[in-house]
1. In segment 129-151, which residue that is among the polar types (S, T, N, Q) and without any contact (Cβ under 8 Å) to a residue 60 or more places away in the chain is nearest to LYS415 (Cα to Cα)?
2. Within segment 1-15, work out how many residues are surrounded by 14 or more Cβ atoms within 10 Å (Cβ to Cβ) and more than 18 Å from ALA382 (Cβ to Cβ).
3. Going residue by residue through segment 263-270, is there one that turns out to be in contact with a Leu (Cβ under 8 Å, 6 or more places away or on another chain) and closer than 30 Å to THR166 by Cα?
4. Given GLU427, GLU396, which one is without any contact (Cβ under 8 Å) to a residue 24 or more places away in the chain, over 13 Å from GLY104 (Cβ atoms) and of a type in the set (D, E, K, R)?
5. So PHE217 clears everything in (1) modelled with pLDDT under 85; (2) part of a helix (DSSP H, G or I); (3) under 22 Å from SER73 (Cα atoms) except one condition, right? Which one?
6. Of everything in segment 80-130 that's part of a helix (DSSP H, G or I) and among the basic types (Lys, Arg), which residue is modelled with the highest pLDDT?
7. Is it fair to say LEU133 is buried (at least 19 other Cβ atoms within 10 Å of the Cβ) and closer than 18 Å to VAL336 by Cβ?
8. If you go through segment 403-443 one residue at a time, how many are under 17 Å from GLN152 (Cα atoms) and acidic (Asp, Glu)?
Amino acid sequence: MESTFYPYLGALCWIGILLMVGTIIRAKVRIFQKLLFPASLIGGIIGFAMINLGWIGMPSSIGWKTITPSVFSTITFHLFAFGFVGIGLLQTKKETSNKVVARGGLWIALIFGMLFSAQALVGKVTFDVWKTLFGGDFFTGNGYLLGAGFTQGPGQTQAYASIWETTFQVSNALNIGLAFAAVGFLVAGLVGVPLAYYGVKRGWCTLDKGAVLPNCFLRGLMDKGDNPSCAQHTTHPANIDTIGFHLGLMAALYGAAYAFGVAWFCYMPKGINGLGIGMIFAWGMFFAMLLRKAMGKIDILHLIDGETTRRLTGATVDFMICGVFMGIHVTELESVAAPFLIAIVLGTIITLFICLWFGRRSPEYGFERGLTLFGYCTGTAASGLLLLRIVDPDFETSVAVEVGLMNVFALILFKPISWSMPFVPVEGFPMMWIFVGVFCVTPIAMHFLKMIRKPAF
């Protein structure tokens, strides 16, 4: 039992330790406060260094056992899928129908798809050019994972890469994809935060405020006596604790999603059977949405507390981000180190350019939308909202709400991209032309929708 299960338990313990270390460092070191690096990112960076030095492991009855990066990559995959169960339980929240908010949500969704395409094309072309000029034994399609890693984050990227490796025997896709996603978090902080303060200094913000953040926000710890409630009881503790109930519900749904994924893998034709495991996150969200709907029909929906679900989902994301860095094996990146770094630099530049160019021409809240989108399309939605907090500390603009609404439009507009990505390794699959099409059509659509105006800053 020990030899079979110890690595995963040990990996979770190490992630927990590093999250605590990251929390302390964020509270004490000003540079991390200024860059708004969350504890998960700080702990992940430390963990990345430690695991590649061979320092991550745990004691056993037969001595010290090293934990490999593959263990952490497996854990992050399942954490990502588990988090999507929580998202599915929150899907029925109604969005505002305000015209400006709706237009902003659509604007963000359109640029999001354009950035995904641009970053993916940059990555693929960079890998192609490098292999043509200097040779190398690597799959150039892995360059597409720059777009997935930056815009969709580590979980979705891992889903694509896992399908490529298991179904199409693509080598090193998982490691490259996770590395792209991890560097994206760094880009969001190292480039996004200075950009936010620069915009405040130049007067690009819509509101005449910004850059004044409370001390508790910077330190990442609430002040004594300032402890807002974050959840409500929906079950009696004499029966089952509310946290235990929600966690059990999410675990049961995840188990159902996993079983469905295994069945898909076993019974679907070769070529698409890999989607069974690779899309567990989608099955989990789907089952959660069905359950929520069923609970509403029988009038027991009050048993699901939104804040409790959000907290559990947020905790899952913290563990996932920290684990992503520890799932990267630096030696496996040596064969693509040069094109990888070049793609990162070029991807960052084009992301910054698109966000600022279209942000300047947005009908309203241009800098706020462009800045938020930069954080979103290099890190996660949370990264974007952290940057927004610098220029709009009280969320007086509608941009934060627009980010939530954006996901509704994105599901409709860019689902074809998400469903096409698993088939990139198929010979002759027109993935590049799909990205080129999205990149070219998006500005035209925005023009006709009157979403491109004269520069505002």
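The values are calculated or read from the model by the stated rules, or taken from the named source; none is laboratory data. Since the model is a prediction, treat every value here as computed from it, not as a measurement. Glycine also receives a Cβ, built like all others from the backbone with ideal geometry; neighbour counts cover every protein chain displayed.
1. At the first step, the residues of segment 129-151 found to be among the polar types (S, T, N, Q) are 132, 140, 142, 151.
Within this subset, residues satisfying the condition of being without any contact (Cβ under 8 Å) to a residue 60 or more places away in the chain are 132, 140.
Values: THR132: 32, THR140: 23 Å.
Within segment 129-151, the match that is nearest to LYS415 (Cα to Cα) is THR140.
2. So the answer is 7.
3. Checking segment 263-270: at least one residue is in contact with a Leu (Cβ under 8 Å, 6 or more places away or on another chain) and closer than 30 Å to THR166 by Cα.
4. Just one listed residue meets the conditions, GLU427.
5. Condition not satisfied by PHE217: (3).
6. Restricting to residues being part of a helix (DSSP H, G or I) and among the basic types (Lys, Arg), the top hit is LYS124.
7. Details: buried (at least 19 other Cβ atoms within 10 Å of the Cβ): no; closer than 18 Å to VAL336 by Cβ: yes.
Answer is no for this residue.
8. Qualifying residue count, segment 403-443: 0.
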